[in-house]
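The values are calculated or read from the model by the stated rules, or taken from the named source; none is laboratory data. As the structure is a computational prediction, the values presented were derived from the model and not from experiment. Every residue, glycine as well, gets a Cβ built from its backbone with ideal geometry; the counts of neighbours run over all protein chains shown. In case anyone asks, the SASA skips ligands and DNA or RNA and just uses the protein heavy atoms, side chains included. Shrake-Rupley method; radii C 1.70, N 1.55, O 1.52, S 1.80 Å.
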Amino acid sequence: MRILYIHQHFRTPEEGGGQRPYEFSRRLAEMGHDVTVIRGRALAPAGETPGVRVVEAGGTYTNAMGFSSRLRSFADFALHATRAAWKLRADVVFASSTPLTVALPAIAAKHRHRIPMVFEVRDLWPEVPIALGYLRDPFSRFAARQLEKLAYANATAVIGLSPTMCRGVSAVAPDKPVHLIPNTSNTGRFRTEPTARVDARRRVGICEDAKVIVYAGSMGVTYDTTWLLETAAASGWEVYLLGEGTLTPTLRARAAALGLDPEAHVPGAVSHSAVVDYYAAADMVASSLIPSDALKDNSLNKVFDAFAAGRPLVFNHDGWLSELAVERGAGWRLSTTDIATNSTLLNGLNHSDLERAGRVAGEIGVEQFSTSVLVERLEMVLRQAVKP
């Protein structure tokens, strides 16, 4: 098949960020498909994606942008991606949202080339920005809901990254086929031998006997990374916050006030290979969110990477991933407000507790979220769209 993959936030390992789109496109190419990716313009030269043609089409984006700047980025990408998609022939167009505006170039390609469209929902827009108060006026809410309906109506099939997202799609488009294909655990990339921990700590500058929690993701306001910084400091654990966002300056200032080196503990965006090193060096991986029903059922890359690396998890939120990890014994649910209780729990964990939870986390990654299995599921959905 000739697959046109539209994904504004597509990133290579050299750039960091979520690697599911990179792995899916690369593996689809290895399976013999002709894959072209339309992505937003990068701030720095991107690494190559073997066997895949990558086209940049405006829409420069960073996690440090405010909401209005993000909207301008989304509109810019939709315009330039539509122009690119108009010229690129394919057998199927696969568009991954967020932002929801990626539906526009995908719909244009669908009608221009008379091909099926598969639409992927990575965050349930517009429900999430409405619930968080970003879309407040009636007109913007109406326009966003109409675009959502338009995207589903034009799609031959829809993919959701969590069970809640799939149910949300079905509530709006009850007759549309919806497939669950969550984020993946790339064990081939993250899994290391136990002896690699010492070398990894040396590479990233972490003391060998420190108790370490790692967070890798956005530093936006919805991720409550301030809670994590305060919890770790109060418990005597070292915390490393990897990523960028609007809270980065605030977090660095708070780290300095707590006696930490802000450049070391809040280093900003790092490459994917550095994230792999930090995970290998970690005793635990954290997932934190502000209290919101709209967020808790997201498909969070950091959690799947922890499963891939075989690392225990701590959460300050509920949701399908938190419940899965806690019920299986791969992690712990901490309080959002009771720092003293959190400290007691964290400091009561011994080496065998962490080792056992890490082993279970690794089993979850292999059994439920294998990249090779999930890319085959995606290929099946695309094939069915082309040849029902």
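Under 1.5 on a/c is rounded, so check that first for the stretch 292-388, then, if it is not, pick prolate when a/b is larger than b/c and oblate when it is not; a ≥ b ≥ c are the square roots of the alpha carbon gyration tensor eigenvalues. In terms of gyration-tensor shape, oblate. Note on the stretch 237-311: semi-axes of the ellipsoid equivalent to its C-alpha gyration tensor, largest first and rounded to whole Å, are 21, 18, 11.
The average projected area of the stretch 35-145, computed from the convex hull of its Cα atoms over all directions, is 7.6 nm². Computed from backbone phi with θ = phi - 60° and the Karplus coefficients 6.51, -1.76 and 1.60, the 3J(HN,Hα) list for the stretch 19-31 is 9, 4, x, 4, 5, 5, 5, 4, 6, 4, 5, 5, 7 Hz; x is used for glycine and proline.
For Ser370, the amide hydrogen comes within under 5 Å of the amide hydrogens of Ser185, counting only partners 5 or more places away or on other chains and with H modelled in the peptide plane.
Share of carbon and sulfur in the accessible area of the chain stands at 52%, probe radius 1.4 Å. Under a model in which nothing but the beta-carbon of Lys, Arg (+1) and Asp, Glu (-1) is charged, the chain shows a dipole of about 1560 debye around its Cα centre. For the stretch 282-294, 3J(HN,Hα) computed residue by residue from phi via the Karplus equation (6.51, -1.76, 1.60; θ = phi - 60°) reads 7, 8, 8, 10, 10, 10, 10, 9, 5, x, 6, 5, 6 Hz, glycine and proline entered as x. Label sites at Thr337 and Glu14, each approximated as a point 7 angstrom past Cα along Cα to Cβ, lie 4.9 nm apart. Quantify how much of the Cα-Cα distance distribution of the stretch 175-291 extends past 24 Å, in percent. Tail of the P(r) past 24 Å holds 28 percent of the pairs. Whole-Hz Karplus values for the stretch 146-159 come out as 5, 5, 4, 4, 4, 4, 5, 5, 8, 7, 6, 8, 10, 10 Hz, taken residue by residue from phi with 6.51 cos²θ - 1.76 cosθ + 1.60 and θ = phi - 60°; glycine and proline positions read x.
A simple count of charges around Asp277, restricted to other residues whose Cβ falls under 9 Å of its Cβ and scoring Lys, Arg +1 and Asp, Glu -1, yields +1.
Mind jotting down a quarter of the surface of the convex hull over the alpha carbons of the stretch 327-380, in square nanometres, one decimal?
Projected area, direction-averaged: 5.1 nm².
If you average the C-alpha positions of the stretch 232-298 and of the stretch 5-76 separately, how far apart do those two centres end up, in angstrom? If you average the Cα positions of each part, the centres end up 24 Å apart. Database remark: amide H of Asp91 closer than 5 angstrom to the amide H of Arg2, Ile3, Leu4 (H placed geometrically; neighbours at sequence offset of 5 or more, or on other chains; Pro and chain starts carry no H).
Quick check: convex hull over the Cα atoms of the chain, volume per residue in Å³, rounded to an integer? Don't jump to the answer; show the numbers that get you there.
Details: hull volume 50.8 nm³, N = 388.
Here the figure is 131 Å³ per residue.
Annotated for the chain: lysine pairs at least 8 residues apart or interchain, Cα distance under 29 Å, count 14.
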